[in-house]
C-alpha cells in the first residue's frame, strides 16, 4: 500500500462518491437510465470524439456520460473501487465472467495469432479457447502447472517454430483442483517471447483467491480477471465479470466492450458496490471455515485425495509458489471419493445443508461434480491428465457455522460409505 493511502476495505465505503452531490444520500443512488442529456451540442460532440478515440483528452478535460452501453455512474464507481484491490490503474465490469474473458481475448487476438493457456481452467473458458477461438483463426497451445519455464519453451519451439505468441492466459488456482502456476514464471515467459518489441499480454483469472488473497499484477501480470459472480458479488444474486490492469489495456477492452454490448448493467453494479464493502470480511470467514472443513475431510477414510492449498507439503513445488504469491488457501476444496461417480453422486445427493449447485464464493456453501457439470465439455483425456476424475467433488465453503457444515458432510459420507 502506498504511503498515506487508505486500506482497500476502507476505500470501499467512500472512494469516488460525494453524498453532497446526491441530496446527502450515504449510499450511491441507482442510475436506471439508458441515456444522458448534454448541456450543449458542442459538449455532446466532444464526448463522442473521446468515446470513439478520435482525439486525446485536452488538459483538465473529463469524459462525461453519453449512454449506458458506454458508461454509467454505477458502473464507473464500481470499476474505480475494484481497481483499488488489485492496485490497478483501471477496471472494467462485464455482464458475466465469460463476457469478461471473451471480450478481453477478442480485443487482443486476431486470425493467425497464438494463444498460450495454462490448464486446468473453468469449463466455459476451456470451451471458448478450444472450440470458439479456432473458428476465428486463433491457434492454441496448452501447458500445465507441472511444466516449468524451460519445458514450456522447448515444447512451444517444437510445436510452433518461429511463431509469435500474442497472449498468455492462466487461471490460478486452477478450477477445480487448486493447481498453482507461478505468475512470475509466466511473466518471464512473456518477456522471453517478446519479438520486435512486442511482448505477449499476460492475463490471470484470479477468481478463486482474488482480489483479497492474491494480486497477480504485483507478480508481473498485465490483467487480473474475475468471475465477479463469485466472491466479489458473493451473494448468488448477480452475474458479473471484471478485468483490472493498466489504463491503456483497459481502454482497449472497454472499446471492444462498447461494441459487443457486454458491459454490466447499473443494478448489478449497484449490488457489486454493496458486496465490495464486505468482501474481505466474507473471504476471511470463508477461508477460516474451509480450513476446519478440510481438516475433517482429511481424516475420513472414504476420501482418497484432497485438493486444498492449506495441505501442500514442504517439499512440494506448489508450496513454493503458494508461499510466494498467495496469502491464504481460500475456501474452495476438492476431493476424490472412493468408488467413482456412483459414490460421488451418493454423497452429493445426501447433503442436506450444502446446495447442490455450480458456482462458488457465495455466502452459502455449494457442492458440485466437476466431471459431469462444470467441466463436462473438457476433453476426457484432459480431464484425466488434470485430475478431474469421476469421483471428484468440489465444495465452496460459505459463511455458515463450520460445525454445521462438518455435520452435514459427515452424515452424507456415512450414507455413501454403506454403498462402497
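The values are calculated or read from the model by the stated rules, or taken from the named source; none is laboratory data. Everything quoted here is computed from the prediction, not taken from an experiment. Please note: Cβ atoms are built from the backbone with ideal geometry, for glycine as well, and neighbour counts cover all protein chains shown.
A few notes on this one:
- When 209, 271 are checked against the criterion of being within 15 Å of the chain's Cα centre (by Cα) and either within 24 Å of residue 142 (Cα to Cα) or touching a residue at least 12 places away in the same chain (Cβ under 8 Å) (or both), a single residue qualifies: 209.
- Residue within segment 190-204 that is at positive phi, out of contact with any strand residue (DSSP E or B) (no Cβ under 6 Å at 6 or more places or on another chain) and at pLDDT below 95 present: yes
Condition check ((1) within 21 Å of the chain's Cα centre (by Cα); (2) crowded, with 20+ Cβ neighbours inside 10 Å) across all residues:
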residue	(1), (2)
60	no, no
69	no, no
90	yes, no
94	yes, yes
98	yes, no
101	yes, yes
123	yes, yes
129	yes, yes
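- When residues of segment 1-54 are limited to those that are at pLDDT 90 or above and on the phi > 0 side of the Ramachandran plot, the one surrounded by the fewest Cβ atoms within 10 Å (Cβ to Cβ): 24
- Helices (runs of 4 or more DSSP H) within segment 216-330 that include 2 or more residues touching a strand residue (DSSP E or B) at 6+ places or on another chain (Cβ under 9 Å): 247-260, 266-276, 279-298
- Filter result (over 20 Å from the mean Cα position of the chain (by Cα) and over 17 Å from residue 245 (Cβ atoms)) within segment 180-190: 188, 189
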